[in-house]
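Down below is the structure, laid out as structure tokens.
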């Protein structure tokens, strides 16, 4: 039996449509990390969990990516080369386009008061490095499954 070219094209289009629908349901996470090995490992871990990943090692790049792609969650390193991650968080939380995106602060330089400063800047959670992957995944899943705050629409 010979299939016409149009039948092949129809089948290919249906496959692409199904893949697009499946991908559009997947949650997208922006990973902001200046350490290239950390960036790669976080990306691999989250992709293995079924998330779509956006990545950058710079704060200003994170702002652009968040505005352009509106991820479902941001993992924000605090120590970035161009601007403090807490300042990036403040800017994102002041922007109508990005203020509802949950942000998890990540830092290797955990000092007393850092968690409080992170939460005051607008972060929704705080995780010190080295990151315990189970803890990170629980925080990610918790924030992604939480309904938006009633205050988000104000």
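The values are calculated or read from the model by the stated rules, or taken from the named source; none is laboratory data. Quantities reported herein were computed from a predicted structural model and do not represent experimental measurements. Reconstructed Cβ throughout: ideal geometry from the backbone, glycine too, with neighbour counts over all protein chains shown.
Summary table
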quantity	calculated
Filtered residue count, segment 79-114, keeping only those that are assigned to a loop (DSSP other than H, G, I, E, B) and without any contact (Cβ under 8 Å) to a residue 12 or more places away in the chain	4
Unmet requirement for residue 46, which otherwise passes all of (1) part of a helix (DSSP H, G or I); (2) in contact with a strand residue (DSSP E or B) (Cβ under 8 Å, 6 or more places away or on another chain); (3) more than 19 Å from residue 126 (Cα to Cα); (4) modelled with pLDDT of 95 or more	(3)
Where residue 110 falls short, out of the listed (1) in contact with a helix residue (DSSP H, G or I) (Cβ under 6 Å, 6 or more places away or on another chain); (2) over 25 Å from residue 145 (Cβ atoms)	(1)
Some residue of segment 66-73 being surrounded by fewer than 19 Cβ atoms within 10 Å (Cβ to Cβ), at pLDDT 95 or above, closer than 18 Å to residue 144 by Cβ and touching a helix residue (DSSP H, G or I) at 6+ places or on another chain (Cβ under 7 Å)	yes
Check on residue 71, farther than 20 Å from residue 130 by Cβ, touching a strand residue (DSSP E or B) at 6+ places or on another chain (Cβ under 8 Å) and touching a residue at least 40 places away in the same chain (Cβ under 8 Å)	yes
Segment 58-78: number of residues that are in a loop (DSSP other than H, G, I, E, B) and within 14 Å of residue 107 (Cα to Cα)	1
Extreme residue, surrounded by the most Cβ atoms within 10 Å (Cβ to Cβ), among residues of segment 1-33 that are modelled with pLDDT under 95 and not in a helix (DSSP H, G or I)	26
Pick from segment 40-59, criterion more than 12 Å from the chain's Cα centre (by Cα) and free of Cβ contacts under 8 Å to residues at least 24 places away in the same chain, ranking: farthest from residue 90 (Cα to Cα)	48
Qualifying residue in segment 131-146 (condition: modelled with pLDDT under 95, outside any strand (DSSP E or B) and farther than 22 Å from residue 39 by Cα)	yes
Residue within segment 49-58 that is modelled with pLDDT under 95 and either closer than 26 Å to residue 135 by Cα or touching a helix residue (DSSP H, G or I) at 6+ places or on another chain (Cβ under 8 Å) (or both) present	no
